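Bear in mind that the values in this text are calculations on the coordinates, not laboratory data. These figures come from a predicted structure and were not determined experimentally. Positions of Cβ are generated from backbone atoms using ideal geometry, with glycine treated the same way; all protein chains shown enter the neighbour counts.
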Ligand code: NAP
């Protein structure tokens, strides 16, 4: 039997017992994983630094984000909120006709294949948000490693698997897949019930098509990328232009620009002194080693295409040799972008951005309407400017997160976060890949009609239990004495917890 077949068979066997665990029991597994990863920090972080060349403070903060995330998702299933259970008792006088007793609850989908990202070796990789969400939902995980950090992937998996085993997780709840072929084969296997991915538009689209083309199609949650357009109004320039220009320069170069929320497009009034101020702020910035040769080659290629476009001027010419790339700022006009959106509205993953000047405010909402789906869209403006309100209306149709007078790099792991957006930002615009709401991607609702309480799945059985005994373990409404978790895991702490910008950037 091949390793892949063994992992698939074990995942299929684990699916039922993992699904049958109570929310608190699954939360305990996630806590155990988080504790073990925290304890292994001194082992894991140097491997991550060696393979990714990311700075130690960033990696330290990212591992802390990752273990916080595991515990936060555990807290969500501890409350039972993810079950979204509804009880409609039988009602002979129901307006559409006599109603049977209906009970609705979310159940886990089954084994999930997760394709790890390159740009977050902890938070979106082996023990990252997709793994945490799937395990919290009760779904075994087959994790396709990202070739950008193979040793870290194996070591993280060793720690995670040992912790899950010791905490009593069913055998087969987690396994690694290493090759592209195994990733594809797993996605096509009938035992796999969903896919999750963070990476390129090309890769994500190919895998989405594979998932959709199966005899029995399955959901595929791809997070693919975004231009993250940022609009600066005349009011914002007048009030705080200087801060906007430096804020933009810092945001698009953060982490070498290797975040899917990097603001890649800044729209500014033609008369504003944006180019000079941003150029001055970037002067002397050193080149950053990008994460992988593939990312460095991709950045160089797209940067070249943009920089050699006849309507584009190179404002800051960042050097790019080998894996190293310095910040590049390109400039063009809104008219030029509207004339050639196919070539100018492309994501350049890395420290490159396009400054777009406009002359007529009223053109901005129309331009926003023409944008493809985005993870984020940002407006720097004043509340009383009509153009700001019009932009917000249009951008709400185009993006998953709208930012006012801030920057998109920085994705808080918290219940109200939506990290998603219409295609091509993602392949599933209804869902987020960050925050406890990400768990619902791996659940589906089932309604039980007139099924006796004793035959209901365990969460519903507990709800139907007239004695109320054990009712608290999977209930959907908050338990009377508050969530059964320690204060450091209280979801309210996420708003007070302000990790370093690099940690939360995406
Ligand atoms: P990628 O090329 O899309 O690969 C991501 C993962 O998907 C890898 O494990 C890869 O496996 C797998 N994969 C991709 N295409 C596949 C296919 N057709 N069949 C089977 N497996 C496939 O992303 P990357 O290498 O991490 O980065 C490359 C580019 O992706 C970047 O330059 C950037 O443009 C984009 N990116 C976007 C984000 C984001 O947050 N949206 C994050 C990182 C990167 P193999 O490597 O083994 O083939």
Completion exercise
Once normalised by the length of region 251-383, the mean sequence separation of its alpha carbon contacts under 8 Å that are 6 or more apart gives a contact order in percent of 33
Practice task
Would you mind computing the Rg to Rh ratio of the chain from its alpha-carbon coordinates, Kirkwood style for Rh?
Solution key: 1.00
Exercise for the section: Largest first and in whole Å, give the semi-axes of region 80-126's equivalent ellipsoid, each being the square root of 5 times a Cα gyration tensor eigenvalue. Expected result: 43, 10, 9
Practice task
Mind jotting down a quarter of the surface of the convex hull over the alpha carbons of region 81-219, in square nanometres, one decimal?
Solution key: 11.2
Exercise for the section: Give the order of 180, 51 when sorted by the count of other beta carbons within 10 angstrom, beginning with the fewest. Expected result: 180, 51
Completion exercise
Per residue, the convex hull enclosing the Cα atoms of region 137-226 spans a volume in Å³ of 111
Practice task
Mind sorting 411, 314 by how few other Cβ atoms lie within 10 Å of their own Cβ, fewest first?
Solution key: 314, 411
Handout entry: Contact order normalised by residue count of the chain, Cα under 8 Å, 6+ apart, percent
Key = 19
Problem - Between region 372-413 and region 139-215, the alpha-carbon center distance in angstrom - result: 33
Completion exercise
region 324-404, convex hull of Cα, quarter of hull surface, nm² -> 5.9
Completion exercise
In cubic angstrom per residue, the convex hull of region 23-134 built on its Cα atoms measures 128
Practice task
Return 316, 268, 346 ranked ascending by Cβ neighbour count within 10 Å, so the fewest neighbours appear first.
Solution key: 346, 316, 268
Practice task
With no solvent and one equal point scatterer per Cα, compute the Debye intensity ratio I(q)/I(0) for region 285-380 at 0.14, 0.17 Å⁻¹ and report its log10, rounded to two decimals.
Solution key: -0.56, -0.80
Practice task
Please sort 350-356, 280-286, 134-140, 56-62 by packing, taking for each peptide the average over its residues of neighbouring beta carbons within 10 angstrom, highest first.
Solution key: 134-140, 350-356, 56-62, 280-286
Completion exercise
Percent antiparallel among DSSP beta bridges confined to the chain, nearest 5, equals 35
Exercise for the section: Return the Cα extents of region 345-457 along principal axes one, two and three, sorted largest first, each rounded to a whole Å. Expected result: 69, 33, 23
Completion exercise
For the chain, longest principal axis from Cα atoms; helix 23-39 axis from its Cα atoms; angle between them, nearest 10 degrees, is 50
Problem - Cα Rg over Rh - region 99-150, Kirkwood - result: 1.24
Handout entry: Principal-axis tilt of helix 293-307 within the chain, Cα atoms, nearest 10 degrees
Key = 40
Handout entry: Computed helical MRE - 222 nm, the chain, DSSP H runs ≥ 4 contributing -39500 (n - 2.57), nearest 500
Key = -12500 deg cm²/dmol
Handout entry: Relative contact order for region 29-183, counting Cα pairs under 8 Å that sit 6 or more residues apart, in percent
Key = 27
Problem - Kirkwood-based shape ratio for region 203-360, expressed as Rg/Rh from alpha carbons - result: 1.03
Handout entry: 0 to 90° range, to nearest 10: angle between helix 150-166 axis and the chain longest Cα axis
Key = 20
